[in-house]
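Structure record follows, encoded as structure tokens.
The values are calculated or read from the model by the stated rules, or taken from the named source; none is laboratory data. All figures in this text were calculated on a predicted structure; none of them were measured in a lab. Here Cβ is always computed from backbone atoms with ideal geometry, including for glycine, and neighbour counts include all displayed protein chains.
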Amino acid sequence: MVAAIEELKEENLEQAISETTCASDDLYKESIERDVLEVKVFDQSSVISRKEQCEEENERDKVKMRTEIRQVEEKPRKGGLRTMPFIIVNESFEMIATYGLQTNMLIYLMTFYNMSAATATSILGLWAALSNGLAIVGAIVADSYCGRFRAVAFGSISTLIGMIVLWLTTMIPQLTSASCSHFQHVSNGTTPIQLAVLFSSFGFMSIGAGFVRPCSIIFGADQLENKKNPDNQRRIASYFNWYYVSTGISTMLAVTVIIYIQDRYGWQVGFGIPIILMFLSVLMFQIGSPLYIKVKAKTTENLVIGLFQTAVAAFRKRNNTRLPLSDCDEYYRWPLESEVFTPSMDFRWLNRACMIEDPERDLNLDGSASNPWNLSSLERVESLKALLRVLPMWSTGFMMSVDMGVFSFSILQTKTMDRHMFPHFEIPAASFTMFLLIALTIWIIFYDRILVPLLSKYTGRPRGLSPVTRMRIGLIVSCMSMALSAITERIRRQKAIEEGHEDDPNALVNMSAMWFVPQYALLGMAEAAHTVGQIEFFYSLLPKSMSSFASAMHTVGSAVSSLIGSIMVSSVDWLSSTGGKTSWLSSNINKGHLDYHFWLLTFLSLLNLLYFLIICRFYETGNDEISRSPHVADEEECDYRLLPES
């Protein structure tokens, strides 16, 4: 009985435990299911929350993008074609005003400052030399310090100030010597104060020209530079074409309209009109200021200074006896990843400039030169060599510009002749320069559109005549122009003496001034052939890093030529007047011998032509394109090279 009861208790206990276990399992399952449901609910809410968050972020991005687009629309990109009117008008008015004053300046100096023709011509030559020389200074300052916008703005204002000062000499009688006999006169009838005012006006205008002309054209190109635009090169090329068209039109207007106003309405009005044009030039340039792309000046080393440092470094190492012929590891290159090549064999003494004598002393930790005045890169050495190679050919162009400058005397010639083109229209004496410009334009168009296609068809040269051939043609034609000038002047002087005008330089000679048109036309053709050919020759020999030097060398050449011409005029005037004789360049051209001076220029031009032919023997030419090395020019560009040293 007891055992039965114990068994029953154990069964009930096991059943209770079993029921309790089942209940626990059910509770555990319910708990797990509840937890899983909560997790699912949490994950779903989390996903929904993240989705809403992403939608909010996308909406904010869209709002931000719309705001940026609206800001871009409200503030469009600077530069572009809309800036061209301001830049081209600025340069055009500057050229009209400047050339309008310079062309007739010989007559003004002789009339109001009692200067002789030779003295006035020498002063004008120095003025031209200063203006062209400062163009190099202006370009360096703009590129390295102040930027092109500030350079053009400063130059325009400086030119305006100079014109105002010059105009004041026509308004205030005490500033000239024509009607101021109560002043204490110096040798040429003018006081130091009067000359100081006159020369200060020339100085301001020279400074202005030095900053405006080299920077204006490049500043315009900055506005169109957009490498992402596939038509970028075409737009820039079109801009250069239109820029030079505007330059030609401006020069033509200066030597015609402005000169006509000066002759017709007097100097006060004739000098006042250029001031108005120059004021409009400054105003237009400043109005466009908010639209310009203003490229900041580069603080990197200037190329001109770098070339000078190379020459100094080579001079300092002149006692180094090592011959830098083959071991390229001893030469300094910068940047370090630049192409490795062997120095050229000509001008070997310059190779010492890039020789590393002591790496610890000569180089910085980054591999750059510690002292650029003692160590120059191999690339810079080869650039200096390329410049030296073109110097002989560059010097052959001096005489051409000297011939151009002497035509200021032609104003005195045509002033005494019949200048009527029509019965009631007389060409101003200083406006005969337009025939030179017309001939220059006609030759360029004829050569580019007619002659080049024909020559390229029969010779296989895509550019027609070679640059050296064109330079040779220009020098020959300039000799012809000077000889024709001498013959024409001899005929004019003989007629003046026969008509009894030997003592009256202002008397009209019964001879048409149109006899002078052929010599102007020949000189215009010579200028077009020689100058364009010379610049192209420079481009073919100079490395691409010095491509701007091609036009810069022409500008410097004009400055040197003006200086040479001024010295030559003073020397001829002094030598021909010794012993009390009448100077060849007398203000009374009927007593002087201007024809002798033209014959002298003809002789010097022939000597220059001979010098040119000798120089050409040092250059090797051929139909095949000649490649020097990567640092000089590309294969497609280099036609000439200096013959190797023997």
Tell me which of these L455 doesn't satisfy, since it passes every other one: (1) buried (at least 20 other Cβ atoms within 10 Å of the Cβ); (2) more than 15 Å from T531 (Cα to Cα). (1)
Checked against (1) outside any helix (DSSP H, G or I); (2) within 19 Å of Y244 (Cα to Cα), G592 satisfies every condition except (2)
I'd like the full set of residues that are modelled with pLDDT under 95 and of a type in the set (S, T, Y), limited to region 170-200. T170, T176, S177, S179, S181, S187, T190, T191
Applying the selection to region 584-618, what residues are touching a helix residue (DSSP H, G or I) at 6+ places or on another chain (Cβ under 8 Å) and of a type in the set (D, E, K, R)? D595
Checking H530 against (1) crowded, with 20+ Cβ neighbours inside 10 Å; (2) modelled with pLDDT under 85; (3) not aromatic (F, W, Y), which test does it fail? (2)
Out of D595, D573, report the one residue that is surrounded by fewer than 21 Cβ atoms within 10 Å (Cβ to Cβ), more than 30 Å from Y539 (Cα to Cα) and among the acidic types (D, E). D595
Specify the residue that is surrounded by the most Cβ atoms within 10 Å (Cβ to Cβ); the eligible residues are those in region 483-519 that are acidic (D, E) and free of Cβ contacts under 8 Å to residues at least 40 places away in the same chain. E499
Restricting region 338-392 to residues that are β-branched (V, I, T) and part of a loop (DSSP other than H, G, I, E, B), which is nearest to T310 (Cα to Cα)? I356
Top-ranked residue in region 544-570 [being surrounded by 21 or more Cβ atoms within 10 Å (Cβ to Cβ) and under 17 Å from L388 (Cβ atoms); ranked as modelled with the lowest pLDDT]: F549
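A quick yes/no check of all residues on (1) under 30 Å from I411 (Cα atoms); (2) of a type outside the set (A, V, I, L, M, F, W, C):
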site: S431; (1), (2): yes, yes
site: M434; (1), (2): yes, no
site: I438; (1), (2): yes, no
site: L454; (1), (2): no, no
Take region 265-285 and flag every residue that is under 20 Å from N104 (Cβ atoms) and among the hydrophobic types (A, V, I, L, M, F, W, C). W267, V269, F271, I273, I275, I276, L277, M278
Counting just the residues of region 246-267 that are in a helix (DSSP H, G or I) and loosely packed, with under 13 Cβ neighbours inside 10 Å, which one comes out modelled with the lowest pLDDT? R264
Cβ pairs under 6 Å, 6+ apart, first in region 575-600 and in contact (Cβ under 8 Å) with a residue 24 or more places away in the chain, second charged (D, E, K, R) and part of a loop (DSSP other than H, G, I, E, B): N590/E502
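One line per residue, one yes/no per condition, for (1) surrounded by 13 or more Cβ atoms within 10 Å (Cβ to Cβ); (2) touching a residue at least 24 places away in the same chain (Cβ under 8 Å):
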| residue | (1), (2) |
| --- | --- |
| D418 | yes, yes |
| F425 | no, no |
| T433 | yes, yes |
| A439 | yes, yes |
| W443 | yes, yes |
| L451 | yes, no |
| G460 | no, yes |
Being under 16 Å from the mean Cα position of the chain (by Cα) and either at positive phi or part of a helix (DSSP H, G or I) (or both), is that true of even one residue in region 558-571? yes
